[in-house]
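The structure appears right after this line, and notes come after that.
The values are calculated or read from the model by the stated rules, or taken from the named source; none is laboratory data. Note that this is a predicted model, so its numbers are computed, not measured. Reconstructed Cβ throughout: ideal geometry from the backbone, glycine too, with neighbour counts over all protein chains shown.
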Amino acid sequence: MTFNRPTFSPYASWNPNGITFTTSSIIGSSPYEILINNDNTIYIPNRSINRILIWSNNATIPKGNISINSSNLFSVFLDKNNAIYTDISSSYYGINKWSINSTNPIQMIYSCTPCYDIFIDIANNLYCSMTGNHQVLKKSLNISSYTYETVAGVPGVTGSTARYLYNPYGIFVDTNFDLYVADCSNNRIQFFPPNQFDGTTLVGSTVPGTITLSCPTDVKLDADKYLFIVNTNNHRIIGSGPNGFRCIIGCSGSGAGSNTLNTPWSMSFDSAGNIYVTDLANNRIQKFILLYNKSRKSVKLIRIYFTTFYNHSTFLQYSKNSHRNNLETGWNYVCR
């Protein structure tokens, strides 16, 4: 994979107060997409000037940009050779490939409506979420042909049963070639195993034990195949784990503060497990820091330890170094 899929504990938590990574002064208005590759290079389309801006690891300003001859960019993806794939939304629609140092793109897919999301799986298959036609397309990049196939949805037809999609947006394909679709207008996440045209609803109001969604627009999987969902109309990010589903970001409603989002659209992980979110209506990218990624047992032990030591009359007299030594002693004592 060219992007990050961190491993999280069931009790992982993120700082609810986000850091504004960049704003409209750099990325323009209504940022739809963000991609972070596995060396933490960040790609964000600026739809106002038809360029993809690029940040290197830990940089605060872009190190460069790529001029794209297409207006209103929605999506971007990177292959294993660092070629960039973007949607085309000008006089015609489809997906272009921009190789390193190239000035002219190669058109890979022609489509009748924009590709709102792009994905490339480990077998070098290119996917397009063709939202306006309610389907997901797939094309092999190993052959020089414009031929593609529909792998989810019925072209041009909406519906809410297993075979249909209604305004699909974000897509994800795992290493088993299972396809996950954020089926926005059906308020659900659909799952399609290879060569299966009837999807299974994984998340939504019709699935007991999950969570209610309102227009999900992006879905990501971590290393253990747990789902992370951008729940756009509820202005929040949903995470899953062995204990079920929970809100992890934007859990107090919409807004423009550090702990709120307004119409989030897509998300991406860096290698440390921090979450970057395109905050569409606020015209910014928010970064949410991973605070804790340990087991519940570790949390309990730390809590017991500090409760015990805080009541000790000489606790505040310890130096930093002696406190560290005593912490290990206390930890071993609690674990016995």
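Of all residue pairs spaced 6 or more apart or on separate chains, those with beta-carbon atoms under 8 Å, a first member in the range 59-73 that is closer than 17 Å to Leu35 by Cα and in the same structural domain as Pro105 (by TED's automatic domain parsing) and a second member that is basic (Lys, Arg) and part of a loop (DSSP other than H, G, I, E, B) are Asn72/Arg47; Leu73/Arg47. Scan the range 129-140 and give yes if some residue there is buried (at least 23 other Cβ atoms within 10 Å of the Cβ), closer than 24 Å to Leu73 by Cα and of a type in the set (D, E, K, R), otherwise no. Looking for residues that are buried (at least 23 other Cβ atoms within 10 Å of the Cβ), closer than 24 Å to Leu73 by Cα and of a type in the set (D, E, K, R), one finds none in the range 129-140, hence no. Only one entry in Thr158, Thr206, Thr150 is in contact with a Ser or Thr (Cβ under 8 Å, 6 or more places away or on another chain), surrounded by fewer than 17 Cβ atoms within 10 Å (Cβ to Cβ), on the phi < 0 side of the Ramachandran plot and among the β-branched types (Val, Ile, Thr), namely Thr158. Of all residues in the range 14-29, those being buried (at least 16 other Cβ atoms within 10 Å of the Cβ) and polar (S, T, N, Q) number 2. Those strands (runs of 3 or more DSSP E) of the range 66-118 in which 1 or more residues are under 19 Å from the mean Cα position of the chain (by Cα) occupy 76-78, 84-89.
Note on the range 30-57: residues that are in contact (Cβ under 8 Å) with a residue 24 or more places away in the chain, at negative phi, under 17 Å from the mean Cα position of the chain (by Cα) and surrounded by 15 or more Cβ atoms within 10 Å (Cβ to Cβ) total 11.
Listed by first and then second residue, the pairs with beta-carbon distance under 6 Å, at least 6 apart or on different chains, first residue in the range 8-27 and more than 26 Å from Leu227 (Cβ to Cβ), second of a type in the set (A, V, I, L, M, F, W, C), are Thr22/Ile285; Ile27/Ile44.
With the structure loaded, tell me whether Thr161 is at pLDDT below 95, in the same structural domain as Arg47 (by TED's automatic domain parsing), farther than 23 Å from Arg246 by Cβ and assigned to a loop (DSSP other than H, G, I, E, B) or whether it fails that test. So Thr161 does not fit the description; no. Can you tell me how many residues in the range 178-199 are of a type in the set (Asp, Glu) and buried (at least 23 other Cβ atoms within 10 Å of the Cβ)? Residues that pass the stated criteria total 1.
Residues of the range 260-294 that are of a type in the set (Asp, Glu) and under 15 Å from Asn40 (Cβ atoms): Asp270 alone.
For Cys128, the criteria (1) part of a strand (DSSP E or B); (2) within 19 Å of Asp87 (Cα to Cα); (3) touching a helix residue (DSSP H, G or I) at 6+ places or on another chain (Cβ under 9 Å) hold in every case but one, which is (3). Exactly one residue out of Asn259, Asn283, Asn293, Asn243 is over 17 Å from the mean Cα position of the chain (by Cα), under 26 Å from Thr131 (Cβ atoms) and in contact (Cβ under 8 Å) with a residue 60 or more places away in the chain, and it is Asn283.
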